[in-house]
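Please treat every number below as a calculation from the coordinates, not as lab data. Just so it is clear, the structure is predicted and the values come from calculations on it, not from any experiment. Using ideal geometry, Cβ is built from the backbone for each residue, glycine included, and neighbour counts are taken over all protein chains shown.
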Amino acid sequence: MSIRTTVSLEDDLLKLLKLKAVETSTSVSNLLNNILFDAFREDGSDLEIFRDREKESSISFESFLQELKSENRL
């Protein structure tokens, strides 16, 4: 299902989108849809990684810095 909407873009960004659309033989709408789908897929992937790692123990920056200093690695 497609719904028409209005989006305000900076002039340079619109020019870039139009050039990319011509270069890839697609429409600006298809290009924007693909860009948005990719961005949301990436967000979903990031959230999955966060869920997988949420049970890992964490260490503060200060603690890690002290650990590196005490091991003469910094």
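Miscellaneous remarks
- Residues being surrounded by 12 or more Cβ atoms within 10 Å (Cβ to Cβ) and assigned to a loop (DSSP other than H, G, I, E, B) - total across the stretch 1-26: 2
- Taken over the stretch 47-74, the residue count meeting the criterion of being assigned to a helix (DSSP H, G or I), among the acidic types (Asp, Glu) and exposed (fewer than 10 other Cβ atoms within 10 Å of the Cβ) is 2.
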